[in-house]
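The values are calculated or read from the model by the stated rules, or taken from the named source; none is laboratory data. Note that the structure is a prediction, hence the values are computed from the model and not measured. Reconstructed Cβ throughout: ideal geometry from the backbone, glycine too, with neighbour counts over all protein chains shown. The area values use the complete protein model at the heavy-atom level, side chains included, leaving out ligands, DNA and RNA. Shrake-Rupley method; radii C 1.70, N 1.55, O 1.52, S 1.80 Å.
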Amino acid sequence: MSPISGDGPAVSRREFDALFDAVRTWGRWSPADRGAFNRVTPDHVLRAAARVRTGTVVPLGLPWNTRPGPDNPKPALHHMTDLGDVEAPEPSTHKDFIAADYHGKGISHLDALCHIAYRGRLYDGRTAHEVVDAAGARFGAVSALGPLVTRGVLLDLPAVLQTRWLEPGRAVHAEEIVAAEKALGVTIGEGDAVLLRSGHVRRREELGAWDPETASAGFHVDALPLLAERGIALLGSDGDSDVRPSPVDGVHSPVHALAVAAMGVPLLDNLDLEALSAATAKAGRHDFLLVVAPLNVPGGTGSPVNPVAVL
């Protein structure tokens, strides 16, 4: 694979709308608000569990981020509510409080199907303003998804390209996914969770934080028809899966629109895939058992999450 730079080629709104209609899976599943999670059957879970060889457990979530920065303008909250110094009788207790506006770039989280609307509609054609209000979502909430246990596949592009990371603004195309599969000895299949490592976390650690809203490595929209054809259940990355700047004029997060609103594929954003990259390289294989257990938040548009890979 030869290195490619840039977020292009540009895609017109007309081309994007045609692509949206081509990959959508509306009306395919029941319950509809679980979307592509319906692809994962007990047989999928058993096959994924059979991939475990060494029992190596790799957490994929970032640390709870309470520090403001260009990639974390709304820091998470964490403070103590009980220090156990005024209680009787024994034992004393220590308690804390956490909260987060997690749909940003600083918290590892899962996007539920109610999180993204395109042309005013959520996944399965539901009119967004009719099912989402100040009380939350009555369709596509994270509570409808529940936990996911399936086969995960790591597309480790820096390892394939023999580079430390993909530069922000670098798009990953469909043909690169196919080439990466060949190089890594893995094939994406029905019900899989696909995780893209761009090296975002490594770059941030070495060069410092930047604003990923303006520049980040991720998938070009031309990758989504391939992933739709393979029948994936979940998509994630160490960014938010979208290349930025967006190649689609007037659509700031086109991969979100295609995956969530058209395909019914929830997204995992802001993962730390560095330890998983090392573990898969050591194991000599790039698939594994993946466990994703979001919080059970009725009406919630997603959830902070710490996914776990088991090799």
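The computed Cα Rg over 2.2 N^0.38 Å for the structure shown corresponds, within [x] 1.00; [y] 1.15; [z] 1.45, to [x].
Inter-part distance, the range 1-69 to the range 81-160, computed on C-alpha centroids, equals 16 Å.
The Cβ shell under 14 Å around G189 holds other residues with a net charge of -1, Lys and Arg each +1, Asp and Glu each -1. Subtracting the Cα-Cα distance of R28 and V57 from 0.36 nm times their residue separation leaves 7.0 nm of extension gain. Across the range 190-197, rounded Karplus estimates of 3J(HN,Hα) from the backbone phi angles (6.51 cos²θ - 1.76 cosθ + 1.60, θ = phi - 60°) give 4, x, 6, 9, 9, 10, 9, 9 Hz, Gly and Pro being marked x. Relative to one another, the C-alpha centroids of the range 248-296 and the range 171-228 are positioned 9 Å apart. Under 30 Å from the Cα of K74, which lysines turn up, not counting those fewer than eight places away in the same chain? Cross-link targets: K95, K105. Close amide H partners of F288, meaning residues 5 or more places away or on another chain with modelled amide H under 5 Å apart, are G152.
The 1.4 Å probe gives accessible areas that order R126, R14, largest first, as R14, R126.
Counting only protein chain heavy atoms and rolling a 1.4 Å probe, the accessible areas of K105, K282, K74 rank, largest first, as K282, K74, K105. Per residue, the solvent-accessible area of the range 150-204 (1.4 Å probe, heavy atoms of protein chains only, all protein chains present) comes to 33 Å². Think of the range 29-117 as having a plus end and a minus end, set by charges on the Cβ of Lys, Arg, Asp and Glu; of A76, V40, A117, V40 sits farthest toward the positive end of this dipole.
Here the label points at E90 and E130, each 7 Å from Cα along the C-beta direction, are separated by 6.3 nm in the simple model.
When nucleic acids and ligands are ignored and a 1.4 Å probe is applied, H200 ends up with an accessible area of around 30 Å². With a Förster radius of 22 Å applied to the C-beta separation of A18 and H252, the computed FRET efficiency comes to 0.70. Cross-link reach is defined here as a Cα-Cα straight distance under 19 Å, omitting same-chain residues fewer than 8 places apart; for K282 the aspartates and glutamates meeting it are D156, E181, D272, E274.
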